[in-house]
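Nothing in this text is a laboratory measurement; each read-out follows from the coordinates by a stated rule. Since we're looking at a predicted model, the values are computed, not measured. Using ideal geometry, Cβ is built from the backbone for each residue, glycine included, and neighbour counts are taken over all protein chains shown.
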Amino acid sequence: MAAAAADAPTTKVPETMRAVQYDAFGGGAEGLKHVEVPVPSAKKNELLLKLEVASINPVDWKIQKGMLRPFIPRKLPFIPGTDVAGVVVEVGPGVNGFQTGDQVVAELNSFYGGGLAEYAVASESLTVKRPPEVSAAESAGLPIAAATALQSLRAIGAKFDGTDKPPLNVLITAASGGVGLYAVQLAKLAGFHVTATCGARNVKLLKSLGADEVLDYRTPEGASLQSPSGKKYDGIIHCTVGVSWSTFDPVLAPTGKVIDITPNFTTVLKSTLHKVTFAKKRLVTLLMSPNKADLEFLVRLLKDGKMKTMIDSRFPLSEASKAWERSIEGHATGKIIVEMDG
Ligand SMILES: NC(=O)c1ccc[n+]([C@@H]2O[C@H](COP(=O)([O-])OP(=O)(O)OC[C@H]3O[C@@H](n4cnc5c(N)ncnc54)[C@H](OP(=O)(O)O)[C@@H]3O)[C@@H](O)[C@H]2O)c1
């Protein structure tokens, strides 16, 4: 273990910790087990964090279902969760930018998880300091959800450097979800005209976050995805499932792109076909690629009050299965947070 800086606070790290894990694929919330396991230690270029919170993403329970098998998880039993915020309590060899006591947000290695626990090891390369203005819960929403929104908007041409002109028309589907709520706010920061789809109960919320037009997805107009003002979309950030190309095609501008963040076999084929045939309108599948610069950018937006994390619900670690269930149900408005001190 590397020595902490002389003036850094030291925290006694216990031998064991509370964690939630599963030891087999499937089983949903009932498959989660509360265990006492050894606290991991920070190796080269790693930090040991005392976690305050983790946020749940749909991919966490999709991994439990075996959807990323055989790649993730690397082994069972598996402590799920990657998006965490907490305090550095141990600094591994080779780490230069952090010391014990730093408040941080991190994206844990998805192959090994570790987020639903009192302590977790994070790579320095995916850890960012959290300014006092940004709470642990707000920051823990960012790593997967906000970065996916950011990268999707970049894929349709957003630059976020003040040169986003002329404004593009974008549609964001499932705009009330973890990704969608960040996507709407980021699209407005880029100066875009935003149409959003959500359920009736969230129309006001989406308008308050700046969406110019909002469609209730359970109405025929919503299902058609047509902009009420007749605008064609330069880009669609597609955050849900069950919409076919024949619905997207008529609402896209001549060179419009659909960024599909929920790819399946059919959409991967369609996107490959569009690519090899140099189609003007395109379906593009996107898998978020974790990187520190994006996380730093997003933390800065929270700090400057330019973007908010909308929190759907909070659960103590002792009730992690309720958080899991809430995500599986698919009706969260924003991020689901698990707090480690409960
Ligand atoms: N490719 C990637 O790298 C990547 C990264 C992150 C997420 N994802 C995927 O993207 C999807 C969205 O993630 P998320 O975290 O935003 O999910 P989420 O928070 O669970 O989304 C829930 C929200 O979606 C709304 N919704 C569900 N179906 C809808 C529909 N047909 N039209 C409009 N709104 C609908 C729900 O509204 P109601 O409650 O009103 O139904 C709810 O507010 C998930 O499948 C996730 O796995 C992919």
Exercise for the section: Using +1 at the Cβ of each Lys and Arg and -1 at the Cβ of each Asp and Glu in the chain, identify which of 35, 318, 243 lies farthest towards the dipole's positive end. Expected result: 243
Fill in the blank from the handout: The answer for the longest stretch of the chain without any exposed GluC sites (Glu not before Pro) (DSSP loop, at most 14 further Cβ atoms within 10 Å) is 134-342
Fill in the blank from the handout: Loop-resident trypsin sites (Lys or Arg not before Pro) in segment 137-242 with no more than 15 other Cβ atoms inside 10 Å, DSSP not H/G/I/E/B, are 159, 218, 232
Fill in the blank from the handout: A correct Karplus calculation of ³J(HN,Hα) over segment 279-288, with 6.51 cos²θ - 1.76 cosθ + 1.60, θ = phi - 60°, whole Hz and x for Gly and Pro, returns 4, 6, 8, 9, 9, 10, 8, 10, 10, 4
Exercise for the section: Return the aspartates and glutamates within reach of residue 280: Cα separation strictly under 16 angstrom, same-chain partners fewer than 8 residues apart disregarded; answer none if there are no such residues. Expected result: 234, 249
Problem - Fewest-first ranking of 192, 78, 278, 111, using other Cβ atoms within 10 Å as the exposure measure - result: 278, 111, 78, 192
Problem - Kirkwood Rh in Å, taken over the chain so that all alpha-carbon pairs contribute - result: 20.7 Å
Problem - Placed amide H near residue 252: partners under 5 Å, 5+ positions off or other chain - result: 233
Practice task
Sum -39500 (n - 2.57) across every DSSP H segment of at least 4 residues in the chain, then divide by the residue count to get the 222 nm mean residue ellipticity, nearest 500.
Solution key: -6500 deg cm²/dmol
Completion exercise
Here the averaged projected area of segment 1-111, based on the convex hull of its alpha-carbon atoms and given in nm², is 7.2 nm²
Handout entry: Given 33/303; 33/270; 207/281; 159/231; 159/204; 232/322, the pairs whose alpha carbons are separated by over 32 Å
Key = 33/303; 33/270; 232/322
Fill in the blank from the handout: Given unit charges at Cβ for Lys, Arg (+) and Asp, Glu (-), the dipole magnitude of the chain about its Cα centre in debye, nearest 20, is 1100 debye
Problem - Whole-Å distance, taken between Cα centres, linking segment 312-337 and segment 154-207 - result: 24 Å
